[in-house]
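What follows is a short report on a single structure.
The values are calculated or read from the model by the stated rules, or taken from the named source; none is laboratory data. Remember, predicted model here, so these are calculated numbers, not experimental data. Note that each Cβ is placed from the backbone with ideal geometry, even for glycine, and that neighbours are counted across all protein chains shown.
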Amino acid sequence: MAGDTDKLVCELALRMGDNALILGQRVSAWCGHAPVLEEDIALANVALDLIGQTKLWLGLAAELGAGDNADDVAFLRDARGFRNSLLVEQPNGDYGHTLMRQFLFDAWHYPMLQGLKESADIRIAEIAEKSAKEAAYHLERSSDFVVRLGDGSDESHDRMQAALNALYPFAGELTAPDETDEALAAAGLAPDLNVLRQQYDDYVSRIFAEATLTVPEGAVRKGGKAGLHTEEMGYILADMQWLQRAYPGATW
Amino acid sequence: MYAQEVKSTGQGVKSLDEMEPDERAFQEKINADVKIEPKDWMPEGYRKTLIRQISQHAHSEIVGQLPEGNWITRAPTLERKAILLAKVQDEAGHGLYLYCAAETLGVSRDQMTEQLLSGKAKYSSIFNYPTLTWADIGAIGWLVDGAAIMNQVPLQRCSYGPYSRAMIRVCKEESFHQRQGYDIMMKLCEGAPEQKDMAQDALNRWWQPSLMMFGPPDGDSVHSAQSMAWGIKQNTNDELRQKFVDETVPQAEYLGLTVPDPDVKWNEARGHYDFGELDWDEFYEVLKGNGPCNKERLGARQKAWTDGAWFREGLMAHAKKRDARKMAAE
Amino acid sequence: MSNEWPLWEVFIRGQHGLSHRHVGSLHAPDQEIAIKNARDVYTRRNEGVSIWVVQSKDIAASSPGDKEPLYEPSNSKVYRHPTFFDIPDEVGKM
């Protein structure tokens, strides 16, 4: 069943790669506009890590038939072909939204990569090995900020609570398994998201308690894994893919 | 250059015999290539000139993130995106090192930021030009960073220790910037005709502004002599401009591009390229705030600072709370 | 502005068993963030380095000494090195 496994691995690589790409794209837009110079530099490091990871994941997807190379996969698919979660395509908003989006993502990304290090597929395990170190640092950083700003000034608290209210509905998708996730877990290619969700919920609740923030009630919003995105996605791609589309086949 | 319009405060260069003992000892140190350090005695004019020069240099790095930064999300490949991001990040880092160097002279970063945002402090005129196509990212790396490096390499020997050390670090990190720009230009010139046209158009627009980065002609530059005596400046504006033209013209030829100046030609007798007059009226207009992007650049920095106030204050509020809790627990 | 983040001095020990050395300064609201910022600013996040930070105001200084900052950029970001870009010899030094 090598063909089926490859299809699953390809799908996983697209999900991981698209999450990294779209979040990296969002974060990189802060470059030159962050609240303080030290943050400009730190945030650029996060974006650089994510774009580096994108190259690896989409490179693997390309090997398995998603395109000629990682760039083609990134720059020549339309929105319906993208597999990232709705969370990462949400707008940057104020710096609180950006940090909260990062935190909700990192809290999934790090344990996910830890799980993928044990994947039955060596290619997945190798990418996860490299990426997990980076994600561990991202999570440390974003957790620090959520705690500090949640339990900071009145204004910073209110802004972080507003960011959490806006973004939390999109977080659930990361840990909600669909059929592909179940097949990946059954084949030993990826961790069981039901187990991961427990870890995720425990971790974020602990951080939010420390940050004096309240987790909002409400339905989970999902669709990204099936390529059903928010309207944001079209604008992201219009920006990101513009040169490739305007000069088809050009080398840069 | 990155500090194009630094007015030095000295009243003409004094000879050693005219100096008081403190100043004489200071000048002798400089003459002997001994670095001046933050706690050393220094003339007030030296301190003020350095603050202006280093902070202008820092502001230029900070504002300099913007013209290139706006192409990060549109970079045509993942590799180009990462490289550009790393480069713009370096500029933020270089701004940071330079602000820190200036802080050793008794001015805070917030004060310097305030001066930039109020329009009181200057930054390099080059960053008030727009980046209209991807080729502009190539042209900036090749020409603007090329010009910057030419100016910054001698500044590593600046008499003021913290500035000199910051420049050593900056030069070390910046060495890839010009090359990545030239690499973009090479790819465009080897590519489709539309790509090569894009490259030529970028060269046409960035050539003059790049030559102006070295500042006004020596005859109009009132402050060079004192700055050179103080070891804050090592070469004159015109010397560096000539050096830049001499290195850049053959690079343009290699690309198959035409330098947009009909007067550029090799002068065997001088051993240099001749080049035409620059439009200095434009330079002064841009410096005064009337360039194509002055308002946008400053506006972007003001917005970043204002919108980020709650973040900076929120973290300080948390730090104070934690200190208070720690005190209470002890 | 009274709310300016304090200034910290950063000392880094590289991978070669040398002692910590001063590499520069930065602003941060507290010591944990100062260490993270130091990692991001002065090592571009190289693994395996040890970082000390101390508030600049807490340093007692005699007379200034001469310390040359020096560090290695992150090894994984090869494009930060000029040799990553192939520039033909004809073009001259760059």
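Looking only at residues of segment A:104-153 that are small (Gly, Ala, Ser) and touching a Ser or Thr at 6+ places or on another chain (Cβ under 6 Å), we find that the one that is nearest to the other protein chains (Cβ to nearest Cβ) is A:GLY150.
Quick grid of which residues meet (1) at the interface with another protein chain (Cβ under 8 Å from one of its Cβ atoms); (2) among the small types (Gly, Ala, Ser):
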| position | (1), (2) |
| --- | --- |
| B:GLN180 | yes, no |
| B:ILE184 | yes, no |
| B:ALA192 | yes, yes |
| B:LEU211 | no, no |
| B:GLY215 | no, yes |
| B:ASP220 | no, no |
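Looking at A:ALA136, A:ALA128, just one residue is closer than 18 Å to A:GLY17 by Cα, surrounded by fewer than 21 Cβ atoms within 10 Å (Cβ to Cβ), among the hydrophobic types (A, V, I, L, M, F, W, C) and free of Cβ contacts under 8 Å to residues at least 40 places away in the same chain, and that residue is A:ALA136. Identify, from the list B:PHE311, B:PHE283, the residue that is over 12 Å from B:TYR129 (Cβ atoms) and surrounded by 21 or more Cβ atoms within 10 Å (Cβ to Cβ). After applying the criteria, what remains is B:PHE311.
Taking the criterion of being within 17 Å of the chain's Cα centre (by Cα) and either in contact (Cβ under 8 Å) with a residue 24 or more places away in the chain or under 24 Å from B:ARG47 (Cβ atoms) (or both), the residues of segment B:172-190 that qualify are B:GLU173, B:GLU174, B:SER175, B:PHE176, B:HIS177, B:GLN178, B:GLY181. Among the residues making up segment A:1-48, those that are of a type in the set (Asp, Glu) and away from every other protein chain (no Cβ under 13 Å) are A:ASP4, A:ASP6, A:GLU11.
Residues of segment A:143-153 being assigned to a helix (DSSP H, G or I) and surrounded by 24 or more Cβ atoms within 10 Å (Cβ to Cβ), which ones? Within segment A:143-153, A:PHE145, A:VAL146, A:ARG148, A:LEU149, A:GLY150 meet the criteria. Of the residues making up segment B:216-270, those that are surrounded by 15 or more Cβ atoms within 10 Å (Cβ to Cβ) and of a type in the set (Gly, Ala, Ser) are B:SER221, B:SER224, B:ALA225, B:SER227, B:ALA229, B:GLY231, B:ALA252. Screening B:GLY191, B:GLY141, B:GLY161, B:GLY215 for residues that are more than 25 Å from B:TRP305 (Cβ to Cβ) and at pLDDT below 95 leaves exactly one candidate, B:GLY215.
Sub-6 Å Cβ pairs linking a first residue in segment A:223-250 that is of a type in the set (A, V, I, L, M) to a second residue that is in a loop (DSSP other than H, G, I, E, B) and surrounded by 15 or more Cβ atoms within 10 Å (Cβ to Cβ), at least 6 apart or interchain, are A:LEU243/B:PRO76; A:ALA250/B:GLY191, ordered by first then second residue. Does B:ASP197 satisfy being away from chain C (no Cβ under 11 Å) and more than 24 Å from A:GLN244 (Cβ to Cβ)? Here the answer is no, as B:ASP197 does not meet what is asked. Of everything in segment B:99-154 that is within 12 Å of chain C (Cβ to nearest Cβ) and among the hydroxyl-bearing types (Ser, Thr, Tyr), the residue that is farthest from B:TYR46 (Cα to Cα) is B:THR113. Residue under question is B:ARG157, and the condition is that it be within 9 Å of another protein chain (Cβ to nearest Cβ) and either within 18 Å of the chain's Cα centre (by Cα) or among the hydroxyl-bearing types (Ser, Thr, Tyr) (or both); does it hold? Criteria not met by B:ARG157.
Cβ-Cβ distances below 6 Å connect the following pairs, each with a first residue in segment B:61-79 that is in contact (Cβ under 8 Å) with a residue 40 or more places away in the chain and at the interface with chain A (Cβ under 7 Å from one of its Cβ atoms), a second residue that is surrounded by 20 or more Cβ atoms within 10 Å (Cβ to Cβ) and in a helix (DSSP H, G or I), and a separation of six or more residues or different chains: B:LEU66/B:ARG297. Summed over segment A:189-219, the residues that are assigned to a helix (DSSP H, G or I) and β-branched (Val, Ile, Thr) give a count of 3. The residue pairs whose first member lies in segment C:83-94 and is farther than 9 Å from B:ARG179 by Cα and in a loop (DSSP other than H, G, I, E, B), whose second member is modelled with pLDDT under 75 and of a type outside the set (Lys, Arg), and whose beta carbons are closer than 9 Å, counting only pairs six or more residues apart or on different chains, are C:LYS93/C:ILE87.
Filtered by the rule that a residue be under 18 Å from C:TRP5 (Cβ atoms) and in contact (Cβ under 8 Å) with a residue 24 or more places away in the chain, segment B:302-330 gives a lone residue, B:TRP305. Of all residues in segment A:154-177, how many are in contact with a Leu (Cβ under 9 Å, 6 or more places away or on another chain) and either surrounded by fewer than 17 Cβ atoms within 10 Å (Cβ to Cβ) or within 9 Å of chain B (Cβ to nearest Cβ) (or both)? Summing the residues that are in contact with a Leu (Cβ under 9 Å, 6 or more places away or on another chain) and either surrounded by fewer than 17 Cβ atoms within 10 Å (Cβ to Cβ) or within 9 Å of chain B (Cβ to nearest Cβ) (or both) in segment A:154-177 gives 5.
The residues on offer are B:GLU247, B:GLU174, and the sole one that is under 30 Å from C:SER25 (Cβ atoms), within 12 Å of chain C (Cβ to nearest Cβ), in a helix (DSSP H, G or I) and of a type in the set (Asp, Glu) is B:GLU174.
Those helices (runs of 4 or more DSSP H) of segment A:1-119 in which 1 or more residues are more than 13 Å from the chain's Cα centre (by Cα), surrounded by fewer than 22 Cβ atoms within 10 Å (Cβ to Cβ) and among the β-branched types (Val, Ile, Thr) occupy A:2-28. Only helices (runs of 4 or more DSSP H) whose full extent lies in segment B:1-100 are considered here, and the ones with at least 2 residues that are among the β-branched types (Val, Ile, Thr) and either modelled with pLDDT of 95 or more or crowded, with 24+ Cβ neighbours inside 10 Å (or both) are B:44-63. Within segment B:108-146, the set of residues being assigned to a helix (DSSP H, G or I) and of a type in the set (Val, Ile, Thr) comprises B:THR113, B:ILE126, B:ILE137, B:ILE140, B:VAL144. Summed over segment A:180-214, the residues that are farther than 30 Å from A:GLU155 by Cβ and charged (D, E, K, R) give a count of 4. Looking at segment B:116-124, can you tell me whether even one residue there is without any contact (Cβ under 8 Å) to a residue 24 or more places away in the chain and hydroxyl-bearing (Ser, Thr, Tyr)? Looking for residues that are without any contact (Cβ under 8 Å) to a residue 24 or more places away in the chain and hydroxyl-bearing (Ser, Thr, Tyr), one finds at least one in segment B:116-124, hence yes. Would you pick out the residues in segment B:304-319 that are more than 7 Å from chain A (Cβ to nearest Cβ) and either over 25 Å from the mean Cα position of the chain (by Cα) or over 17 Å from B:LYS120 (Cα atoms) (or both)? Matches in segment B:304-319: B:THR306, B:ALA309, B:MET316, B:ALA319.
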